Amino acid sequence: LAIELAAARVNMFSTEQIAARLNESLNLLAKGGRAALPRHQTIRASIDWSWNLLSESEQALLRRLAVFSGGWTLEGAEAVGAGEQVNEMNVFDLLSNLIEKSLVLFNGGNERYRMLETVSEYALERLKEANEEDSARNRHIDFYVAMAEEAEPGLLGKEQGLWMRRLGDEQENIITANEWCNNK
């Protein structure tokens, strides 16, 4: 859909201009073909349509997952996603539902989950609207502080390689958590 909507803009912008503005994809790609169904006319309308099909628990989890950068593990989703409307024991099932609805992607090779950037941007907007950003980001920070504390002795022992890989996978999240702390 994003490619189709961007292609409709080539008569107004150069491909370089479109590429430069794709970081604002929810706003740039704001008009599809007139013959398209309303939910397919914009990225926002498409995600709105999908969002409205979610249960309240699925919506709560999806918006909380938006605080992750570079993907996350099931343990991370449980730590950050659980709370009001979401029981930690239900996170796996809710995450499975979000995958089935193509809002979350799973990479079995490294057992990590992620969202497409436009979905993440949308979910982050919803997180802010729900006034949950501080609590979700605080749970995110707590999760990565606990991971760093657990990793410290392992970085000096025979599990060093394992911990280096794990921390490498989580580098973007650790940086994001640190930036949030520094901006608070």
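The values are calculated or read from the model by the stated rules, or taken from the named source; none is laboratory data. Computed from a predicted structure; not experimentally measured. With ideal geometry, Cβ positions are generated from the backbone for all residues, glycine too; neighbour counts draw on all protein chains shown. When the accessible area is computed, the model is the full protein with side chains, heavy atoms only, and any ligands, DNA or RNA have been set aside. Shrake-Rupley method; radii C 1.70, N 1.55, O 1.52, S 1.80 Å.
Considering only the other residues whose Cβ falls under 15 Å of the Cβ of Leu155, what net charge follows from Lys and Arg at +1 and Asp and Glu at -1? Present the calculation step by step, with values, prior to reporting the outcome.
Details: positive: Lys158, Arg165, Arg166; negative: Glu149, Glu150, Glu152, Glu159, Asp169, Glu170.
Computed value for this residue: -3.
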* To do: Can you send over the carbon and sulfur percentage of the accessible area for region 67-184, probe radius 1.4 Å, protein chains only?
  => 48 percent
* Asked: Want the number for Glu16 to Leu155: 0.36 nm per residue separation, take away the alpha-carbon distance, what's left?
  -> 45.6 nm
* Which whole-number value in Å² is the accessible area per residue of region 106-183, probe 1.4 Å? -> 64 Å²
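Which of the peptides 148-155, 125-132 is most tightly packed, and how do the rest follow, judged by the mean count of other Cβ atoms within 10 Å per residue? Spell out each step's value before the answer.
Values: 148-155: 12.9, 125-132: 15.1.
Descending mean neighbour count gives 125-132, 148-155.
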